[in-house]
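Novice: Okay, handing you the structure first.
The values are calculated or read from the model by the stated rules, or taken from the named source; none is laboratory data. Since this is a predicted model, take the numbers as computed values, not measurements. Note that each Cβ is placed from the backbone with ideal geometry, even for glycine, and that neighbours are counted across all protein chains shown.
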Amino acid sequence: MLFLHGLGGSRTAWEPQIEAFCDQWQCVAWDMPGYGESSPISPLTFEAIADAVAGLLDRLGVESAHLCGLSFGGHHALHTALRHPPRVRSLVLADTSAAFGGDGTDPEEWRRLRTAPIDDGVPLADIATDVIDGITAPGFEGLDRDQAIAAFARIPESGFRAACQLLPTHDVRHRLGEISAPTLVVVGELDEETPLSYAAELHTGIQNSQLEVIPGAGHLSPAEAPAFFNRLVGEFLGSLPAAQP
């Protein structure tokens with residue numbers, strides 16, 4: 001199982017999932033290129049990220065893997081499934097979308113708002129709490145919230161800027177029908193960043209897919225409702241005919 005974090009995360013965001021699945025699966029969570037401890041790619045493109053996913057599987061000696069991507073990481077999973085289909089055994093797409101700006105968001109304004117604090121000299125670690133609280137549902141607290149904040153604080157400024165430049169270019173709506181990997185689409189009931197309509201578009205476009213909604217969760221459903229999320233993923237993987245540890 002390969003876990004792909006979101007724009008505001010890093011590999012440590014997946015601790016609840018690693019702990020839940022490591023007894024049954026070889027679990028790996030990456031820092032995407034330019035994030036955490038990973039070297040950057042220039043230029044950063046979705047094709048380059050998909051190739052980096054395939055390259056990581058090569059280094060691990062793994063022919064194919066179950067990809068679990070959250071938000072921006074869901075984009076990475078989708079692009080990998082399209083560019084390297086034999087490497088993808090299944091997809092878990094959490095709180096993500098087939099394209100940027102389904103609600104009419106202007107990409108330049110979106111980029112400006114997300115990079116404005118660091119343009120003003122504010123370290124990403126200093127805004128981590130506000131960002132995480134702004135995209136999660138009310139009542140998110142405790143260790144899981146602390147881990148989500150800490151995962152955001154690990155993001156290098158340069159990596160974040162590059163990711164913000166890339167993310168609004170995501171659009172695979174016209175290619176969803178090409179994806180043959182079994183797919184689980186998960187969305188938090190209260191997710192305002194990538195709402196249910198975005199998840200439904202993925203479910204409709206990917207033929208071999210199922211859609212699940214997590215009650216009371218916001219945009220970070222794996223962290224906000226880890227037990228519920230892990231149960232859905234475990235049941236999904238267990239239902240796959242060829243699923244083997």
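For every residue, the table says whether it meets (1) farther than 17 Å from Val187 by Cβ; (2) modelled with pLDDT under 95.
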| site | (1), (2) |
| --- | --- |
| Ala65 | yes, no |
| Gly73 | no, no |
| Thr80 | yes, no |
| Pro86 | yes, no |
| Ala94 | no, no |
| Ser97 | no, no |
| Gly104 | yes, yes |
| Glu108 | yes, no |
| Arg112 | yes, no |
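Novice: Determine the pairs where a residue that is assigned to a helix (DSSP H, G or I), located within segment 219-231, has a partner that is among the basic types (Lys, Arg) with Cβ atoms under 8 Å apart, the partner being 6 or more residues away or on another chain.
Specialist: Ala223/Arg145
Novice: Kindly list the number of the only condition in (1) of a type in the set (Gly, Ala, Ser); (2) over 27 Å from His203 (Cα atoms); (3) within 15 Å of the chain's Cα centre (by Cα) that fails for Ala128.
Specialist: (3)
Novice: Another question, if that's okay. Being farther than 23 Å from Leu143 by Cβ and either over 10 Å from the mean Cα position of the chain (by Cα) or basic (Lys, Arg) (or both), is that true of even one residue in segment 11-22? Before the answer, list the steps.
Specialist: Filtering segment 11-22 for residues farther than 23 Å from Leu143 by Cβ gives none.
No: segment 11-22 contains no residue that is farther than 23 Å from Leu143 by Cβ and either over 10 Å from the mean Cα position of the chain (by Cα) or basic (Lys, Arg) (or both).
Novice: Sort through Ala128, Ala163 and tell me the only one that's at pLDDT 95 or above, farther than 17 Å from Thr12 by Cα and either in contact with a Lys or Arg (Cβ under 6 Å, 6 or more places away or on another chain) or crowded, with 18+ Cβ neighbours inside 10 Å (or both).
Specialist: Ala163
Conditions (1) outside any loop (DSSP other than H, G, I, E, B); (2) of a type in the set (Gly, Ala, Ser); (3) in contact with a helix residue (DSSP H, G or I) (Cβ under 9 Å, 6 or more places away or on another chain), marked per residue:
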position	(1), (2), (3)
Tyr35	no, no, yes
Pro40	no, no, yes
Pro43	no, no, yes
His66	yes, no, yes
Ala77	yes, yes, yes
Ala81	yes, yes, yes
Ser90	yes, yes, yes
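Novice: Determine if segment 198-207 includes at least one residue that is in a strand (DSSP E or B) and of a type in the set (Asp, Glu).
Specialist: Keep residues of segment 198-207 that are in a strand (DSSP E or B), which gives none.
No, segment 198-207 has no match at all.
Novice: Another question about this same structure. Going by what's in this entry, would Ser158 be described as under 19 Å from His75 (Cβ atoms) and within 20 Å of the chain's Cα centre (by Cα)? Write out each step before concluding.
Specialist: Working: under 19 Å from His75 (Cβ atoms): no; within 20 Å of the chain's Cα centre (by Cα): yes.
It is false that Ser158 is under 19 Å from His75 (Cβ atoms) and within 20 Å of the chain's Cα centre (by Cα).
Novice: Looking at segment 61-70, is at least one residue out of contact with any strand residue (DSSP E or B) (no Cβ under 7 Å at 6 or more places or on another chain) and more than 20 Å from Leu240 (Cβ to Cβ)?
Specialist: First pass over segment 61-70, keeping only residues out of contact with any strand residue (DSSP E or B) (no Cβ under 7 Å at 6 or more places or on another chain): 61-63.
If we keep only those that are more than 20 Å from Leu240 (Cβ to Cβ) as well, we get 61.
For segment 61-70, residues out of contact with any strand residue (DSSP E or B) (no Cβ under 7 Å at 6 or more places or on another chain) and more than 20 Å from Leu240 (Cβ to Cβ): present.
Novice: Does Gln24 satisfy being within 20 Å of Ala150 (Cα to Cα) and of a type in the set (S, T, N, Q)?
Specialist: no
Novice: Only one of Pro43, Pro123, Pro85 is surrounded by fewer than 20 Cβ atoms within 10 Å (Cβ to Cβ) and touching a Leu at 6+ places or on another chain (Cβ under 9 Å); which? Before you say what the answer is, go through the steps one by one.
Specialist: Numbers: Pro123 fails: touching a Leu at 6+ places or on another chain (Cβ under 9 Å); Pro85 fails: touching a Leu at 6+ places or on another chain (Cβ under 9 Å).
Just one listed residue meets the conditions, Pro43.
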